[in-house]
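Asks: Okay, handing you the structure first.
The values are calculated or read from the model by the stated rules, or taken from the named source; none is laboratory data. Since the structure is predicted, the reported quantities are computational estimates derived from the model, not experimental observations. Neighbour counts are summed over all protein chains in view; Cβ atoms, including those assigned to glycine, are modelled from backbone coordinates with ideal geometry. Ligands, DNA and RNA are stripped out before the accessible areas are found, and what is left, the full protein with its side chains, is counted by its heavy atoms. Shrake-Rupley method; radii C 1.70, N 1.55, O 1.52, S 1.80 Å.
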Amino acid sequence: PDFTFMDGNARTHQGRIIRERLLEMEWPALSPNLKPIENLWDQLSCHVEGRNPAPQNLNDLRAALQEEWNAMPQQTISRLVNSMRRCCQAVIDA
């Protein structure tokens, strides 16, 4: 199996003992995303992709990203941060 998704291909995670231990562990199939920023990036991407007119070049894209980021409601960010306790508990309970 390829565990680079988990360890970032860090040299310390490539030893035989570590690889064997990783193979012994149970990995929940539907584990929650413990990186709330990924959800925020996804929302930001959807907002930028939905713009009309769509960004035509790098400068347009940069401006659109900044505008959409500034328009992101604080409630959205707070909801993602507050969801971390539930997500962590789901991993612990899995």
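Asks: What number of residues in the range 66-83 are acidic (Asp, Glu) and open to solvent by less than 60 Å² (accessible area, probe 1.4 Å)?
Replies: The number of residues fulfilling the criteria is 1.
Asks: Still on this structure, please answer the following. Conditions: (1) under 19 Å from residue 79 (Cα atoms); (2) modelled with pLDDT of 80 or more. Residue 33 meets all but one. Number of the miss?
Replies: Condition (2) is where residue 33 drops out.
Asks: Looking at 63, 90, can you tell me which residue is surrounded by 11 or more Cβ atoms within 10 Å (Cβ to Cβ), among the small types (Gly, Ala, Ser), at pLDDT 90 or above and out of contact with any strand residue (DSSP E or B) (no Cβ under 9 Å at 6 or more places or on another chain)?
Replies: Exactly one residue qualifies, and that residue is 63.
Asks: Here is a further query. Just to be sure I understand, how many residues within the range 54-76 are touching a Pro at 6+ places or on another chain (Cβ under 9 Å) and not hydrophobic (A, V, I, L, M, F, W, C)?
Replies: Qualifying residue count for the region: 2.
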